[in-house]
Amino acid sequence: MDLSDFERDNTGSCRLSSPVPEVCRAEDCCLGIDEAGRGPVLGPMVYGICFCPLSRLGDLEALKVADSKTLSEAERERLFGKLEQARDFVGWALDILSPNLISTSMQRRAKYNLNSLSHDTAMALVQLALDQGVRVTQVFVDTVGPADKYQQKLKERFPEVEVTVRPKADSLFPVVSAASICAKVARDHAVKRWKFLEDLKDLKMDYGSGYPNDPKTKEWLSQCLDPVFGFPQFVRFSWSTAQLILDGRAVPVRWEDSEEGAGGSPAAGRGSGTPSLLSYFARTQAATERQSHRFFHERGLETVADL
């Protein structure tokens, strides 16, 4: 699996896909959706789809695909290899969402939680398959949130498609199991080959499972924290585990009001001759164009003139 595009820039998202088998454009197909890495505080989340003709479901089952969580890494790699060898009737596509993208999306001013991000990513992959000419007539999904609401949402978006949303769909429907394997293999590769842009000095990469309740993961988060700039981009800083460590160990930031109080006195805590922190971000008439530091670009931060 070639993740070179994501390795070059692991701050956003990356889409990978296999060639579409011609039979999938000629015959009715089923499509499965699953994800890998939804819960961890470390690393990307990967959404995957897999599709094949209804007439070849028996051949897909014969590959012995199963829920990726029940398989070892070696077994997942072996089964992904089998899916690649079955390109004459099996296709797949993946969206890799970086920790940075996940956290900045969740911390928008307008509410946008992980469920919404997951739903939008899954629907975008279904639309990709349709746009590529795949004759999708059935979709099977491992639920995110209440199954009935998610199913209704998908039916409204794709009214011509029969949609089935079930808990544990990755262990019930082989086409979802196949999607699960593709997503998990991609996440495994992305985590193993992660390129840290930050200087972590001699910090060991022994961070445990990556899940928030793992003591080893918590300890690693504490060790990799920079008191000013926070965590490396491998960390989902919007997770409560990371937020608690930031609150307790990072340098506090105080955003003062740039406006004077109603009585004309300067904002509390600031002398009359001291400019507000916000004044340093205001545009001046003589301002020249210059590129923002990548720290601000990757987090979607922009200079504003007015609040």
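Taking Lys82, is it on the phi > 0 side of the Ramachandran plot and either in contact (Cβ under 8 Å) with a residue 12 or more places away in the chain or touching a helix residue (DSSP H, G or I) at 6+ places or on another chain (Cβ under 9 Å) (or both)?
Values: on the phi > 0 side of the Ramachandran plot: no; either in contact (Cβ under 8 Å) with a residue 12 or more places away in the chain or touching a helix residue (DSSP H, G or I) at 6+ places or on another chain (Cβ under 9 Å) (or both): yes.
So Lys82 fails the test.
Regarding Arg109, is this residue assigned to a loop (DSSP other than H, G, I, E, B) and more than 30 Å from Ala26 (Cβ to Cβ)?
yes
Cβ-Cβ under 9 Å, sequence separation 6+ or interchain: first residue in the range 1-17 and closer than 16 Å to Ala122 by Cβ, partner open to solvent by 50 Å² or more (accessible area, probe 1.4 Å) and among the aliphatic types (A, V, I, L, M). Which pairs?
Leu16/Met1
Return a yes/no flag: does the range 236-246 have any residue that is among the small types (Gly, Ala, Ser), in contact with a Leu (Cβ under 8 Å, 6 or more places away or on another chain) and either open to solvent by less than 30 Å² (accessible area, probe 1.4 Å) or at pLDDT below 90 (or both). Break it down stepwise before answering.
As a first pass, look at the range 236-246 and keep what is among the small types (Gly, Ala, Ser): 238, 240, 242.
The next check asks that each one be in contact with a Leu (Cβ under 8 Å, 6 or more places away or on another chain); those that pass are 242.
Remaining after also requiring either open to solvent by less than 30 Å² (accessible area, probe 1.4 Å) or at pLDDT below 90 (or both): 242.
The answer is yes; a qualifying residue exists.
Output yes when any residue across the range 212-231 is under 20 Å from the mean Cα position of the chain (by Cα), among the basic types (Lys, Arg) and surrounded by fewer than 19 Cβ atoms within 10 Å (Cβ to Cβ), and no when none is.
Within the range 212-231, not a single residue is under 20 Å from the mean Cα position of the chain (by Cα), among the basic types (Lys, Arg) and surrounded by fewer than 19 Cβ atoms within 10 Å (Cβ to Cβ).
Quick one: which residue in Asp214, Asp142 is at pLDDT below 95, under 18 Å from Gly39 (Cβ atoms) and outside the structural domain of Ser18 (by TED's automatic domain parsing)?
Working: Asp142 fails: outside the structural domain of Ser18 (by TED's automatic domain parsing).
Only one candidate qualifies: Asp214.
Could you list, in sequence order, all residues of the range 73-94 that are open to solvent by less than 50 Å² (accessible area, probe 1.4 Å) and aliphatic (A, V, I, L, M)?
Those that are open to solvent by less than 50 Å² (accessible area, probe 1.4 Å) and aliphatic (A, V, I, L, M): Leu79, Leu83, Ala86, Val90, Ala93, Leu94.
Taking the range 1-36, which residues are part of a loop (DSSP other than H, G, I, E, B), open to solvent by less than 40 Å² (accessible area, probe 1.4 Å) and either hydrophobic (A, V, I, L, M, F, W, C) or closer than 21 Å to Leu97 by Cα (or both)?
Here is the first cut: in the range 1-36, the residues part of a loop (DSSP other than H, G, I, E, B) are 1-3, 9-12, 18-21, 27-28.
Narrowing the set further to residues that are open to solvent by less than 40 Å² (accessible area, probe 1.4 Å) leaves 3, 10-12, 18, 20-21.
Selection gives Leu3, Asn10, Thr11, Gly12, Ser18, Val20.
Taking the conditions exactly as written (buried (at least 19 other Cβ atoms within 10 Å of the Cβ) and more than 13 Å from the chain's Cα centre (by Cα)), does Asp170 satisfy them or not?
yes
What do you reckon, is Gly48 open to solvent by less than 20 Å² (accessible area, probe 1.4 Å), small (Gly, Ala, Ser) and under 22 Å from Glu160 (Cβ atoms)? Steps first, answer last, please.
Details: open to solvent by less than 20 Å² (accessible area, probe 1.4 Å): yes; small (Gly, Ala, Ser): yes; under 22 Å from Glu160 (Cβ atoms): no.
For Gly48, the condition - open to solvent by less than 20 Å² (accessible area, probe 1.4 Å), small (Gly, Ala, Ser) and under 22 Å from Glu160 (Cβ atoms) - is not met.
Restrict the check to the range 62-72 and report whether at least one residue is of a type outside the set (Asp, Glu), in contact (Cβ under 8 Å) with a residue 12 or more places away in the chain, open to solvent by 60 Å² or more (accessible area, probe 1.4 Å) and outside any loop (DSSP other than H, G, I, E, B). Please lay out each step first, then the result.
Residues of the range 62-72 that are of a type outside the set (Asp, Glu), as a first pass: 62-66, 68-72.
Remaining after also requiring in contact (Cβ under 8 Å) with a residue 12 or more places away in the chain: 63-66, 68-71.
Still in the list and also open to solvent by 60 Å² or more (accessible area, probe 1.4 Å): 64, 69-70.
Checking which are outside any loop (DSSP other than H, G, I, E, B) leaves us with 69-70.
Yes, there is a match, as at least one residue in the range 62-72 is of a type outside the set (Asp, Glu), in contact (Cβ under 8 Å) with a residue 12 or more places away in the chain, open to solvent by 60 Å² or more (accessible area, probe 1.4 Å) and outside any loop (DSSP other than H, G, I, E, B).
Can you find, within the range 114-153, the residue that is least open to solvent (accessible area, probe 1.4 Å) among those that are among the basic types (Lys, Arg) and under 22 Å from the mean Cα position of the chain (by Cα)? Even if it seems obvious, please write down each step before you answer.
Taking the range 114-153 as the starting set, the residues that turn out to be among the basic types (Lys, Arg) are 135, 149, 153.
Retained after the next criterion (residues that are under 22 Å from the mean Cα position of the chain (by Cα)): 149, 153.
Numbers: Lys149: 145, Lys153: 73 Å².
Across the range 114-153, the extreme among qualifying residues is Lys153.
Given the options Glu160, Glu156, name the one that is in a loop (DSSP other than H, G, I, E, B) and open to solvent by 50 Å² or more (accessible area, probe 1.4 Å).
Numbers: Glu156 fails: in a loop (DSSP other than H, G, I, E, B).
Result of the check over Glu160, Glu156: Glu160.
Is it true that Ala186 is open to solvent by less than 30 Å² (accessible area, probe 1.4 Å) and not assigned by TED's automatic domain parsing to the domain that holds Leu94?
Numbers: open to solvent by less than 30 Å² (accessible area, probe 1.4 Å): yes; not assigned by TED's automatic domain parsing to the domain that holds Leu94: no.
No: the conditions fail for Ala186.
Given the residues Tyr112, Tyr47, which is the only one that is in contact with an Asp or Glu (Cβ under 8 Å, 6 or more places away or on another chain) and not assigned by TED's automatic domain parsing to the domain that holds Phe229?
Details: Tyr112 fails: in contact with an Asp or Glu (Cβ under 8 Å, 6 or more places away or on another chain).
From the options Tyr112, Tyr47, the qualifying one is Tyr47.
The values are calculated or read from the model by the stated rules, or taken from the named source; none is laboratory data. Given the structure is predicted, the values throughout are model-derived calculations rather than measurements. Note: ideal-geometry Cβ built from the backbone for every residue, glycine included; neighbour counts use all protein chains shown. For accessibility, only protein heavy atoms count, side chains too; no ligands or nucleic acids. Shrake-Rupley method; radii C 1.70, N 1.55, O 1.52, S 1.80 Å.
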